[in-house]
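The values are calculated or read from the model by the stated rules, or taken from the named source; none is laboratory data. Predicted, not measured: the structure shown is a model, and the values here were computed from it. Cβ placement follows ideal geometry from the backbone for every residue including glycine, while neighbour counts extend to all protein chains displayed. Only protein heavy atoms, including side chains, enter the accessible area calculation; ligands, DNA and RNA are left aside. Shrake-Rupley method; radii C 1.70, N 1.55, O 1.52, S 1.80 Å.
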Amino acid sequence: MQDQEVIREFLVESYENLSRLDQELVRLEKHPKDAALLDSIFRTIHTIKGTCGFLAFSTLERITHHAETLLSQLRDGQRELDPALISLILETVDATRTVLAAIEAGGEEGQETFDTLTERLRAAACLSPVAAAAEASAGHERPEAVHSQEGARRSEPDSAAPVVVSSTSGVAHPAESAKPHAAASTTPAASGPLVARADASRPEEEGSRSSAVADANIRVGVGLLDKLMDLVGELVLTRNQILQFNTEREDPALNATSQRLNLITSELQEGVMKTRMQPIGMVWNKLPRVVRDIALALGKQVRLDMDGAETELDRTIIEAIKDPLVHLVRNSCDHGIESPDVRVRAGKAPQGRLTLRAYHEGGQVNIEIGDDGGGINVARVRQKAVERGLLRPEQAAKLSDREALYLIFQPGFSTAETVTNMSGRGVGMDVVKSHIEKIGGVVDIASRAGEGTTVKIKIPLTLAIIPGLVITSGGERFVIPQVSLLELIRLDGDSSDKHIEHVHGTPVYRRRGSLLPIAYLNNVLGLKSSESADAVNMVVLQAEDRQFGLVVDGINDTQEIVVKPLGKQLKGIAEYAGATIMGDGRVALILDVLGIGQRSGVMTESREQSRAVSDQKAQKELEQQRILLFRAGSFDRLAVPLSLVARLEEFPQSAIERAGGGQVVQYRNRILPLICLREVLEPGIPALEQEPDPVQVVVFNDGDRSVGVVVDQILDVAEEVVTVRQRSNRAGLLGSAVVGKRITDFLDLNCVINSAGDNWSQGTGGPSSGRRVLLAEPSSFSRGLIRSGLDMAGYRVLEAGNLDDAIRQLEQQPVDLVIAALDLPTDGSSALLAAMRLRPEWSGIPLLALAESSAQTQSEAIRSAGFHDCQTKFDREAMLESLARLSAALAPAERAAAFAGKES
Amino acid sequence: MNMESSPTASESAQARPGPGTMMQSSGQFSTFFVADLFFGVDVLCVQEVLRPQQMTSVPRAPRVIEGLINLRGQIVTAIDMRRRLGLPPRDGMQTPMNMVVRTEDGAVSLLVDEIGDVLDVDAATWERPPESLDPAAREIIRGVYKLPDRLLLILDTDRTVDLGGGVPLSANSGIGRQ
């Protein structure tokens, strides 16, 4: 037990020392005559060696012993320092780290013995100084380092060392002219143990370390600090309660005391917060080493400037940004900064410059990693995105440069090929981004071709106490972390209904011209909705790179909240990030914006996921038809299923142009053909009223083709189960149904679009093109709706109203796919399936069953019935997806093969 | 759901893996009532007993979780023992007491109907829970002490608060399964 404790202490101390070593060694390379520096390095190695011997870690002792020998030769002036020697010592440091990690993991030194390294160290230490340097520098040809005289090296240090470290956190280059021998004569062993300093960020401030520095710092367990933080949080809450109590009573004595309590508590809170703060220099310490290694390996010259190393951050955040920072710096050196000859050709200094900046701004910490390299070639990024299949060429072309730049944050953008490709950056940038976002941070990137790239990271000061917006919903209070908050929107009174529209089953809000998906917190959390909705309060949130509106009952105020974790029983609930205690002593839950977004389905990535776990209520909503209602000509109430609608747009009359004999409008950098619905439905009849300006256009999309249908007015979005249905004989109309207690004509979209001469539904060469689909569905009305969806996707649709019809159709012509409603008369689609199984030539035709409700699609009986898939009737997207899958599996000539592949 | 009669009815209870033997030697139990059941928890596991607290409900949480309470700055999950045991809800007038127990995952409050005395029990009266016990209850009951006038059911607190790895249970199931 005692041993464990000692070893743990040893590990903590050694790690601390090693990270300082990295920095000091790189600096030593720059100032080879800095005796104080050399002394410090020697002492650190010596301390590790000594402790190893004491704890019987023989491998470690052996390695460090030889390094110590080398260092003592250096210190005593017996040999010259050169980059190769530094590399050798750095390698020793790495080996030491490896062994320490093994000790940490298993208490043992591990299998590796580092024989080669030991041998090289030993050889270097034994040989005469000049020969040793030559030996050690075998990998890196640096003859001038061997032959150069002391004076020569001093005069041109920049050419010898690839890295220059300068830091505003105090790079007084101490004791450049110090007498090495005098310094060496002090007894390093005695002062060895004192080098452990808690404050390792500014080791340069004192020329030499005195014992006073060590005495002024003590090591405190993080657990204790966390506990203190918790207690202070509690004290703050109690203070709040006392203050509230005080305002109710007018007792001067109590008043004075509570004021004092108030002050002391605030000060204590600040103090304890500070104990958890660490300068960002803690992380930056290891960067000079990283830069040096990369620069050396790639033959580049990099100057690293660090500004604001003293900027403080909560230790949990420091921990979290460590890896992303190293990654970004590595990227800048590797892909950003060019090799010296390229730089010279571009008219820049051969030495590249990498700048790290950190500063506080608005309660957040900003970190910038900038280089003056070649910048990101946006055209290459676009090209790459297309090659990787992330974007279609025309999509890539549409992106602005800035948007294209953001592509490098896409998962899957970085691949092994990108790593070796010097023109592009973006090695694991998605990982960097997700790490930063996990702690509530934001990553931004700016790049100018030829001038360099700057990555800017914004992170909160601390995770323990965060600003949050307190909201009310369903009678409960919740807190939304302010980092995710973009804006608050209040829709007043009558207008609130009109402001929230529905597209493709998702409620949306037109926010400055673009559609914002909306979630209702009451629905997401299954809370009781409050009836008194005289206004809609909406919180616009950002999760990852997506924005959505969250409708809540009330918005209270913003507060600094102390984040507390939830118990194990509640960990699995994605909607919450934690809990906090409010001023009145009650608990309030902190919402996890990402979880809420995913749960409500406003974030597309998770749509499948939310479908799988979504509750009954949400499913019921899906089963209702969402219908877009509009007016055209003398038809006061026309409708199309919203699932077919891509967008609603308004165009000024002046934007409408004529091309190819039709009306078109420029829309998103493309030409959108327009069809005037009134002219299609009532050809030859002049308009009764003046053409509205702007014109209302319903945009329908299929893949990359779009068409706009001009209507007179968009009326509403209805959300209900369509009841009475009657087929129409009129061209352009499917039939009538009652929507919102009024007779409504449903548009035959396919007919409308074809009548306008657009060859819309002609095959595109996709898997769907020309496939014959038999649609067996009893209701002619539903059939019409489904058919229009299929027509638009390029299928050739045959219709059947019952089992006999279906069989007749199958007998009359070859059919590739069958879609059959579960309620097909007389015995449902399973009867059709059974009938098809009996005929060998039909047994291979995939059969997609259509259910009335999504609950039905999940039922075990349906799953085991042997259908190739089952979808709900009006979920067009899912149905088309399923059909595409089924037809892709279908080899044109061989139906039997498709049958074999039915498991898929 | 009257479990009091079942232990005597099944003397031939078969061996069931569990911490039974260890429990037999333990001496003192804090007792409480849930419906007509009389429960005991090792007195060393009990952190404190509280009057009804202000509760913050957690939407979307498993049904057995009544809500969160603020226990001197620590946020503690409260589990309704009636629902945990699959018992009918208590009538409107009755406010549950909080029995805060220490578990591997920190403090958890068990909402019980009424708090009883701390009892010394005779280890010889220990018996394993009867096989015929409702599975919902058997999972979290370690065993039974046959007191002279009634039966004392010993609760396994770690299992009581384990709702199956934090995955929300379906709304209908009152009891988590492992």
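May I ask you to list the residues in region A:227-272 that are under 19 Å from B:I75 (Cβ atoms) and among the acidic types (D, E)?
Within region A:227-272, A:D230, A:E234 qualify.
Yes or no: region A:648-659 includes at least one residue that is at pLDDT below 80 and within 30 Å of B:D105 (Cα to Cα).
No, because not a single residue in region A:648-659 is at pLDDT below 80 and within 30 Å of B:D105 (Cα to Cα).
State whether the residues of region A:337-349 include one that is under 30 Å from A:E560 (Cα atoms), open to solvent by less than 10 Å² (accessible area, probe 1.4 Å) and out of contact with any helix residue (DSSP H, G or I) (no Cβ under 6 Å at 6 or more places or on another chain).
no
Which of the following residues is farther than 20 Å from A:G474 by Cβ and surrounded by fewer than 19 Cβ atoms within 10 Å (Cβ to Cβ): A:G567, A:G572?
The unique qualifying residue is A:G572.
Scanning for something over 30 Å from A:V232 (Cβ atoms), away from chain B (no Cβ under 14 Å) and at pLDDT below 80, does region A:524-531 turn up at least one residue?
Yes: one or more hits.
May I ask you to list the residues in region B:29-56 that are facing another protein chain (nearest Cβ under 8 Å) and surrounded by fewer than 17 Cβ atoms within 10 Å (Cβ to Cβ)?
Correct list: B:Q54 only.
List the helices (runs of 4 or more DSSP H) that sit entirely inside region A:343-407 and contain at least 1 residues that are under 30 Å from A:G308 (Cβ atoms), touching a residue at least 24 places away in the same chain (Cβ under 8 Å) and of a type outside the set (D, E, K, R).
Filter on region A:343-407 gives A:378-387, A:401-406.
Kindly indicate which of A:T506, A:T472, A:T462 is of a type in the set (S, T, Y), modelled with pLDDT under 85, closer than 26 Å to B:T56 by Cβ and buried (at least 16 other Cβ atoms within 10 Å of the Cβ).
A:T462
If I go through region A:231-267 residue by residue, how many of them are crowded, with 16+ Cβ neighbours inside 10 Å and farther than 23 Å from A:A588 by Cβ?
Total satisfying the criteria: 3.
Need at least 1 residues that are open to solvent by 10 Å² or more (accessible area, probe 1.4 Å), among the aliphatic types (A, V, I, L, M) and out of contact with any Pro (no Cβ under 9 Å at 6 or more places or on another chain) per element, so show me which helices (runs of 4 or more DSSP H) inside region A:35-120 make the cut, counting only ones lying wholly within it.
Those helices (runs of 4 or more DSSP H) span A:35-55, A:83-106.
Mind listing whichever residues of region A:364-375 are touching a helix residue (DSSP H, G or I) at 6+ places or on another chain (Cβ under 9 Å) and within 30 Å of A:L461 (Cβ to Cβ)?
A:Q364, A:V365, A:I367, A:I369, A:G370, A:D371, A:D372, listed by residue number.
Regarding region A:302-324, can at least one residue be identified that is part of a helix (DSSP H, G or I), over 30 Å from A:D226 (Cα atoms) and touching a Lys or Arg at 6+ places or on another chain (Cβ under 7 Å)?
no
Any residue at all in region A:585-602 that's on the phi < 0 side of the Ramachandran plot, open to solvent by less than 10 Å² (accessible area, probe 1.4 Å), out of contact with any strand residue (DSSP E or B) (no Cβ under 6 Å at 6 or more places or on another chain) and modelled with pLDDT of 70 or more?
yes
Can you name every residue in region B:105-117 that is more than 14 Å from chain A (Cβ to nearest Cβ), out of contact with any helix residue (DSSP H, G or I) (no Cβ under 8 Å at 6 or more places or on another chain) and not acidic (D, E)?
B:I115, B:G116
If we keep just the residues of region B:138-161 that are touching a Pro at 6+ places or on another chain (Cβ under 8 Å) and not in a strand (DSSP E or B), which is surrounded by the fewest Cβ atoms within 10 Å (Cβ to Cβ)?
Once the filter is applied, the top-ranked residue is B:R138.
Residues are listed down the side, and each one gets a yes or a no for (1) modelled with pLDDT under 75; (2) among the hydroxyl-bearing types (S, T, Y); (3) outside any helix (DSSP H, G or I); (4) not assigned by TED's automatic domain parsing to the domain that holds A:S40:
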residue	(1), (2), (3), (4)
A:L228	no, no, no, yes
A:V232	no, no, no, yes
A:L237	yes, no, no, yes
A:T247	no, yes, no, yes
A:A253	no, no, no, yes
A:L268	no, no, no, yes
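Can you tell me how many residues in region A:582-591 are in a strand (DSSP E or B) and at the interface with chain B (Cβ under 8 Å from one of its Cβ atoms)?
Residues meeting the conditions: 3.
Are there any pairs, at least 6 apart or on different chains, whose C-beta atoms fall under 7 Å, with the first in region A:556-581 and under 18 Å from B:D105 (Cβ atoms) and at the interface with chain B (Cβ under 7 Å from one of its Cβ atoms) and the second open to solvent by 50 Å² or more (accessible area, probe 1.4 Å) and modelled with pLDDT of 85 or more, and if so, which?
Between residues of region A:556-581 that are under 18 Å from B:D105 (Cβ atoms) and at the interface with chain B (Cβ under 7 Å from one of its Cβ atoms) and residues that are open to solvent by 50 Å² or more (accessible area, probe 1.4 Å) and modelled with pLDDT of 85 or more, the close pairs are A:I573/B:R60.
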